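Presented below is the structure to which this report refers.
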Amino acid sequence: MPECPPRMTPGTFAAAGPAESQIGGFVLALADVTGTRYTDNRTRASGCRGRSGADGPNLLCAACGAEAGTESSDCWTAHEVVLEAAAVEPGRS
């Protein structure tokens with residue numbers, strides 16, 4: 001089975017909608033997300049070749065451990081990260 005493509009081009013983002021189930025969040029390319037780590041909660045780590053993202057937030061803030069978002073990177077999902085709106089702070093790049 002071929003891998004699914006990235007949903008977002010690196011360097012771009014979009015507002016998350018009802019399909020992402022995190023309305024108000026932000027959709028980014030995997031390569032654009034920094035400062036996170038995977039959760040230790042194994043029930044949120046499903047997937048065969050990557051993270052399915054089907055079981056809730058699987059990314060935590062690397063600094064404080066708060067839920068930050070959901071990575072989808074499995075063979076059957078578009079590759080993306082949806083960041084929780086409450087976890088995003090405006091900043092400079």
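The values are calculated or read from the model by the stated rules, or taken from the named source; none is laboratory data. Fair warning: this is a prediction, and the values are worked out from it, not measured in the lab. Because the Cβ atoms are built from the backbone with ideal geometry, glycine has one as well, and the counts that use them run over all protein chains shown.
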Pairs please, first residue from the stretch 51-70 and closer than 19 Å to Cys4 by Cα, second anywhere and loosely packed, with under 15 Cβ neighbours inside 10 Å and aromatic (Phe, Trp, Tyr), Cβ atoms under 9 Å, 6+ apart in sequence or on different chains. Arg51/Tyr38; Ser52/Trp76
Filter the stretch 34-93 for residues that are part of a strand (DSSP E or B) and more than 18 Å from Pro10 (Cα to Cα) and give the result. Arg37, Tyr38, Leu59, Leu60, Cys61, Glu67, Ala68
Residues of the stretch 33-69 being of a type in the set (Asp, Glu) and exposed (fewer than 15 other Cβ atoms within 10 Å of the Cβ), in sequence order, are Asp40
I'm trying to understand the selection: among the residues of the stretch 53-68, which are on the phi < 0 side of the Ramachandran plot and not charged (D, E, K, R)? Ala54, Pro57, Asn58, Leu59, Leu60, Cys61, Ala62, Ala63, Cys64, Ala66, Ala68
Considering only residues that are out of contact with any strand residue (DSSP E or B) (no Cβ under 8 Å at 6 or more places or on another chain) and among the aliphatic types (A, V, I, L, M), which ones fall in the stretch 25-53? Ala31
Filter the stretch 11-69 for residues that are under 12 Å from Glu84 (Cβ atoms), among the hydroxyl-bearing types (Ser, Thr, Tyr) and modelled with pLDDT of 90 or more and give the result. Thr36
